[in-house]
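Structure in structure tokens, see below.
Bear in mind that the values in this text are calculations on the coordinates, not laboratory data. On a predicted model such as this, the values are computed, not experimentally measured, just so you know. Note: ideal-geometry Cβ built from the backbone for every residue, glycine included; neighbour counts use all protein chains shown.
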Amino acid sequence: MAEASESVLTKTDECSDDECGSTESPRSVMDVLQELLLSKLRLGDSEEKPIQVLDEVNFDGVVRYMASDKCKNIIVMVGAGISTCAGIPDFRSPDSGIYANLQKYNLPNPMAIFEINYFKENPSPFFQLAKEIYPGKYKPTVCHYFLRLLYEKKKLLRLYTQNVDTLEILAGLPADKVVDAHGTFHTSHCINPACRKLYTLDWMREKIFSDEVPSCTECQDTVKPDIVFFGERLPERFFVSAEEDFPICDLLIIIGTSLSVQPFAGLVDNAPAKTPRFLINKEKVGQSMYPIVLGPGLQFDSETNYRDVMWEGLCDDGCQALADALGWGEELKKLVEDEHSRIDQERQQ
Ligand code: APR
């Protein structure tokens with residue numbers, strides 16, 4: 001329960017309109033939690049019948065469905081696992097994950113480095129880590145470019161990412177197709193609620209690489225990139241887009257995430273009951289431990305499973321296998337090759 005409670009990324013204090021990007025009065029934690037609980041407890045009210053859409057509940061069944069004209073509103077949910085092959089560590093892998101390598105910061109617990117209250121007291125561990133994982137020196141992976149093919153073939157409704165490495169945009173996905181559920185490095189704000197001055201990516205990059213804790217030029221408080229810390233509310237766009245997108249989602253693909261952080265992980269139960277769900281991951285995840293509150297989750301091992309399929313292995317291999325089966329395999333390989341050489345040339349200039 002500690003993981004679920006610590007990982008609920010919701011605002012504990014009011015946010016200013018520019019931070020939430022909304023003119024409505026921001027919702028409190030209780031509003032969000034009550035909405036989440038009510039939507040889960042009303043599971044029976046939706047009268048949705050579990051209709052099997054796949055002709056076979058396996059990889060080949062997913063491929064045939066994707067190739068059909070019934071499948072044209074795919075939502076993809078991704079996490080840090082899709083960027084590990086780019087050289088960016090994920091969070092929870094036992095040896096290589098970020099949380100397994102933070103001893104030098106003497107944190108009260110590994111996740112403290114991303115907790116807003118700890119950050120306000122002691123921001124320097126975060127900025128030292130930010131320098132290590134800063135976007136800009138990595139290249140998108142096979143998986144990122146598979147997502148671009150989904151978009152180019154007009155199958156992608158939306159990509160929900162927990163990552164802040166911006167590799168989805170670098171891979172060529174348009175911003176309106178990407179929901180940065182856990183924020184972005186693109187902008188930063190002064191953390192002083194009475195100030196909230198906006199800063200650019202270039203300004204923040206210069207501070208991070210000069211090993212100084214960025215302080216506001218107006219009020220001298222700390223400036224933080226707009227990535228969502230534990231204890232902060234997710235961007236309003238996450239909630240608005242999810243309400244619009246999931247009711248029309250006809251295939252949910254989940255790639256490279258432990259599905260251990262709410263409310264992002266709970267999205268897996270927001271698609272219609274008949275929508276197939278396809279996981280590509282090194283390990284089986286998303287089988288809900290708290291079915292009453294958080295919804296039943298992925299049901300791979302249930303006797304009555306009629307829609308959940310898992311491809312167990314590396315994200316890049318899974319996406320290449322999917323592309324090969326769809327007849328897009330050579331196109332994907334060429335896209336990766338051409339784009340990587342383009343990026344290398346641009347970075348040498
Ligand atoms: N191929 C397939 N799966 C992989 C690969 C890979 N190359 N690399 C890692 N994985 C899997 C791991 O086994 C794990 O299940 O991806 C998942 C990554 O999980 P996490 O490290 O927990 O990352 P993520 O799910 O994105 O974390 C969610 O937690 O700390 C917060 O805000 C932070 O956005 C982050 C959130």
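Mark the label point 7 Å from the Cα of PHE300 along Cα→Cβ and return the residues of the range 57-93 whose backbone N is within less than 12 Å of it.
Flagged as within label range: 59.
Further question: Please order CYS216, CYS195, CYS319, CYS190 by the number of other Cβ within 10 Å, starting at the fewest.
Final ranking by Cβ density, sparse to dense: CYS195, CYS216, CYS190, CYS319.
Let me ask something else. Pulled fully out, how much extra length does the chain show between SER68 and LEU107, if you take 0.36 nm times their separation in residues and subtract their Cα-Cα distance?
This chain segment gains 9.0 nm when fully extended.
How high is the relative contact order of the range 121-268? Use alpha-carbon pairs under 8 Å, at least six apart in sequence, and give a whole percent.
21 percent
If the cut-off is a Cα-Cα distance under 30 Å, which lysines reach LYS72, setting aside same-chain residues fewer than 8 apart in sequence?
By straight Cα distance, LYS72 reaches LYS40, LYS49, LYS139, LYS153, LYS154, LYS155, LYS177, LYS274, LYS282, LYS284, LYS333, LYS334.
Fewest to most neighbouring Cβ within 10 Å: what's the order for HIS340, HIS189, HIS182?
Neighbour counts put them in this order, fewest first: HIS340, HIS189, HIS182.
Under the rule a/c < 1.5 gives rounded, and otherwise a/b versus b/c splits prolate from oblate, where does the chain land using the Cα gyration tensor?
Judged from the Cα gyration tensor, the chain comes out oblate (a/c at least 1.5, b/c at or above a/b).
Separate question: Return a whole-number percent for the relative contact order of the chain, with Cα pairs under 8 Å and 6 or more residues apart as the contact set.
For the chain, the relative contact order is 24 percent.
Okay, helix-only estimate at 222 nm for the chain: each DSSP H run of n ≥ 4 adds -39500 (n - 2.57), divide by all residues, round to 500 deg cm²/dmol; what do you get?
About -9500 deg cm²/dmol.
Follow-up. May I have the extent of the alpha carbons of the range 248-294 along their three principal axes, as whole Å values ordered from largest to smallest?
Principal extents (Cα only, largest first): 26, 24, 14 Å.
For a Förster distance of 45 Å, can you work out the FRET efficiency between the beta-carbons of CYS195 and GLU243, rounded to the nearest 0.05?
Working from the Cβ atoms, E equals 0.90.
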